[in-house]
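Encoded as structure tokens, the structure appears first; notes follow it.
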Amino acid sequence: MNILECIRTRRSIRTYTDRHIEEETLRELLTLGVKAATGSNEQPWGFAVIQDREEIRFLSETARAWLLENLDAYPYFEQYREWLDKPSYSVFNHADTLLLIYGDTASHWYVYDCTLCAANIMLAAHSMGIGSCWLGFGEHVLDTPEFKRAHNVPGSYSLVCPMSLGYSKGKLPPSERRDPLVFSWQKA
């Protein structure tokens, strides 16, 4: 698949098969991810990879419970109450793999750099037939000092992108997007 087709057809995938993503494939995705542009060449990214389904299930339940307890503080999550109320709902999409991208906060550009890294990984994964989804619901559970200690993430790193990865159960049509909103286009 060429890069233009990859960009045009990539979708957030939330249903995966049981097929396991091999370590070699994940290492290749990480290597492609860190080819991203980086401010002042600081390369502030770091990763945690979780492929233990029981831990992913536990983290999902913990995140779901936290979100339900804190909906009042985060009104933008209210639209997801129906999902969160279902005991079978998985914050991490019942994925085989959870990839967490952290950025070193010593870099002014860590959020930008890690976001570019995540985009590389998502596009590379799509080109390999692997689906991905950026998981905004995971940020409060996966960036705690306790979680970071358990996964050897230095305290100076902050979570930028929690991402589920897995082989998609189906193929989705390309996403619909509005035309680009151009504020100005100055020509000579």
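Is there a residue being out of contact with any Cys (no Cβ under 7 Å at 6 or more places or on another chain), free of Cβ contacts under 8 Å to residues at least 40 places away in the same chain, part of a loop (DSSP other than H, G, I, E, B) and open to solvent by less than 50 Å² (accessible area, probe 1.4 Å) anywhere in the stretch 126-135?
Yes, the conditions are met somewhere in the stretch 126-135.
If a residue has to be open to solvent by 90 Å² or more (accessible area, probe 1.4 Å) and either over 20 Å from the mean Cα position of the chain (by Cα) or under 25 Å from Gly166 (Cα atoms) (or both) to count, how many in the stretch 62-78 make the cut?
3
Write out, first by first residue and then by second, each pair whose Cβ atoms fall under 9 Å of each other, whose residues are 6+ apart or on separate chains, and whose first residue, in the stretch 86-114, is within 19 Å of Pro154 (Cβ to Cβ) while the second is charged (D, E, K, R) and surrounded by 24 or more Cβ atoms within 10 Å (Cβ to Cβ).
Note: pairs meeting the criteria are Gly103/Asp113; Ser107/Asp113.
Quick one: how many residues across the stretch 11-43 are over 16 Å from the mean Cα position of the chain (by Cα), under 20 Å from Leu123 (Cα atoms) and open to solvent by less than 50 Å² (accessible area, probe 1.4 Å)?
Residues meeting the conditions: 3.
Of Glu5, Glu54, which residue is of a type in the set (Asp, Glu), open to solvent by 50 Å² or more (accessible area, probe 1.4 Å) and either farther than 28 Å from Phe147 by Cα or in contact with a Lys or Arg (Cβ under 9 Å, 6 or more places away or on another chain) (or both)?
Glu5
Looking at Leu29, Leu59, Leu67, which one is assigned to a helix (DSSP H, G or I), modelled with pLDDT under 95 and within 27 Å of Ala150 (Cα to Cα)?
Residue meeting the stated conditions: Leu67.
The values are calculated or read from the model by the stated rules, or taken from the named source; none is laboratory data. Since the structure is predicted, the reported quantities are computational estimates derived from the model, not experimental observations. Cβ sites come from the backbone with ideal geometry, for glycine too, and all protein chains shown count toward neighbours. Side chains are part of the model used for accessible areas, which takes the heavy atoms of the whole protein and leaves out ligands, DNA and RNA. Shrake-Rupley method; radii C 1.70, N 1.55, O 1.52, S 1.80 Å.
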